[in-house]
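The values are calculated or read from the model by the stated rules, or taken from the named source; none is laboratory data. What you see is a predicted model; the values in this text were computed from it and never measured. Glycine gets a Cβ as well: all are built from the backbone with ideal geometry, and neighbour counts include every protein chain shown. In case anyone asks, the SASA skips ligands and DNA or RNA and just uses the protein heavy atoms, side chains included. Shrake-Rupley method; radii C 1.70, N 1.55, O 1.52, S 1.80 Å.
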Amino acid sequence: MRSLAFLLLSAALLPAQTPKSQAWVEKSNQNAQLLLNIIARYSPEDAASLGITGVDDKISVPAIDAGARERRDTAEVLRALRTRLTAEQNPFVKQDLEILIAEGEREIQFSAAQEKYLLPYDNLGRGIFQGIHSLLDDQIALERRKAAVIRLRRYTGLDSGYKPITQLSENVFREKLKTPGLLGPSKSEVEQDLTNTDSYITGIGLLLEKYKMTGYADAYAKLKEQLAGYNAFVRKEVLPKARTDFRLPPELYTLRLENFGVDYTPKDLTALAHRSFTEIQSEMQPIAARIAKERHLPSSDYRDVIRRLKKEQIPADQVMTVYHDRLTQIEAIIRREHLITLPGRPCIIRIASAAETAQQPAPHMVPPPL
């Protein structure tokens, strides 16, 4: 429900309201809290990173019935929201209730479709890194960061009442193998996950050191051991079930598009993509011809020109300078054309760690908790 959470929490960023308008916003926030509670219960790491309080020390717990329980709890919330919708008179609150109900229904459909078609494979290295990184960050208040060690102990089963998350995830996968016809994860995805595990482990250690955490040595040593064992499990039991065809079942693909706000059908989207690609090709070719002429390249075909340009990599020690220079030029254009209002301070840019790059291998923004 991460996409939903951004929507629900956005009310906190609304401009100043009159007392009368504040009343309906507060009422709408109370309605949204019902679904936010579901996120906090089943995806506390996501909830904490979005700014939901009181869940910093909580972790997601893999279980064979977790999806069914979340769907049941969501359906119960939807019944309450529908009752409120029937009685609500304020048109703004009614609209928000309709949005909440539609999103909750999509979440139930998506969860059920995931279970219907796919084996429950988890990239635990990435998940654990994200759970720790979401607390160990410059944008997180100092008093919240200590919960990262609690999470680490709970991931590894060292706290009373918790079992290693690796063991739980393996058990869920093996149990679902008993259901015939389920699709495994993409083979290329699994192989990349295996390659990235060491980066995640190292990244967690560097974060714990950077933010001067204490009392984590035993849990961190246990995490290394457990993720090594999990990788062995993935190689032995998950990879043989992995699929080489990246395509998803149409129902699941449609639901994933809807979760990203795309209301095209897969068929329409395919046609649009082909048309857009053809248009981009036609735009690239004259640019490629110009570059080839300027640089005296042997071929002006845009594919050959792109291959040649890719060989001209920016040296590592010049990357930040290039980014800052380009951003300065972009900001100058924005101010000159009065496109948007920019902050008075410089933009904060830094090189991502190896673990962050494994998690998201492209330049990106890290938003603060809302």
Reachable lysines from K178, criterion Cα separation under 19 angstrom, eight or more residues apart if same chain:
K116, K236, K241
By average C-beta atoms within 10 angstrom, highest first, the peptides 22-34, 149-161:
149-161, 22-34
The correct ranking of D263, D304, D73, D138 by accessible area at 1.4 Å, largest first, is D263, D138, D304, D73
Any chance you could run the full-extension gain for Q33 through E251? It's 0.36 nm times the residue separation minus the Cα-Cα distance, nm to one decimal.
75.5 nm
To the nearest 0.05, the calculated FRET efficiency linking R335 and Q89 through their beta-carbon distance, R0 being 51 Å, is 0.65
Could you do me a favour and compute the accessible area per residue for the range 160-205, 1.4 Å probe, result in Å²?
50 Å²
Cα-only Rg/Rh for the chain with Kirkwood Rh rounds to 0.99
Based on DSSP H runs of at least 4 residues, each adding -39500 (n - 2.57), what is the mean residue ellipticity at 222 nm of the chain after dividing by all its residues, to the nearest 500 deg cm²/dmol?
-21000 deg cm²/dmol
With every protein chain kept in place and ligands, DNA and RNA left out, what is the accessible area per residue of the range 82-148? Probe 1.4 Å, answer in Å².
50 Å²
Considering only P180, P315, P250, give the residue with the highest GNM mean-square fluctuation for the chain, with springs between Cα atoms whenever their separation is below 10 Å.
P315
The range 239-309: chymotrypsin sites (Phe, Trp or Tyr not before Pro) in DSSP coil with no more than 13 other Cβ atoms inside 10 Å:
F246, F260
Roughly speaking, what is the stretch gain from Q22 to V262, that is 0.36 nm per residue apart minus the C-alpha to C-alpha distance, in nm to one decimal?
83.3 nm
Taking springs between alpha-carbon atoms closer than 10 angstrom, which of A66, A316, A242 fluctuates most in the Gaussian network model of the chain?
A316
Highest mean first, how do 181-189, 118-126 rank when packing is the count of other Cβ atoms within 10 Å averaged over residues?
118-126, 181-189
Counting only residues 5 or more places away or on other chains, whose amide H sits under 5 Å from the amide H of R243 once H atoms are built in the peptide plane?
G184, S186, K187
Leaving ligands, DNA and RNA out of it, work out the accessible area of E356 with a 1.4 Å probe and give it in Å² to the nearest 10.
10 Å²
Suppose R0 equals 30 Å; then what is the FRET efficiency for T328 and I351 from their Cβ-Cβ distance, rounded to the nearest 0.05?
0.95
Pseudo-spin-label distance M365 to F233, built 7 Å along Cα→Cβ, given in nm, is 3.8 nm
Per DSSP, the loop-located trypsin sites (Lys or Arg not before Pro) within the range 276-370 having at most 13 other beta carbons within 10 Å are K311, R350
Please work out the FRET efficiency for the pair L158 and K241, using the Cβ-Cβ distance as r and a Förster radius of 35 Å; give the result to the nearest 0.05.
0.70
Partners for K187 among aspartates and glutamates (Cα-Cα distance below 15 Å; same-chain residues under 8 apart left out):
D122, E237, D245
Pair-distance profile P(r), taking every C-alpha pair of the range 23-88, with 10 angstrom steps and integer %
20, 43, 30, 7, 0
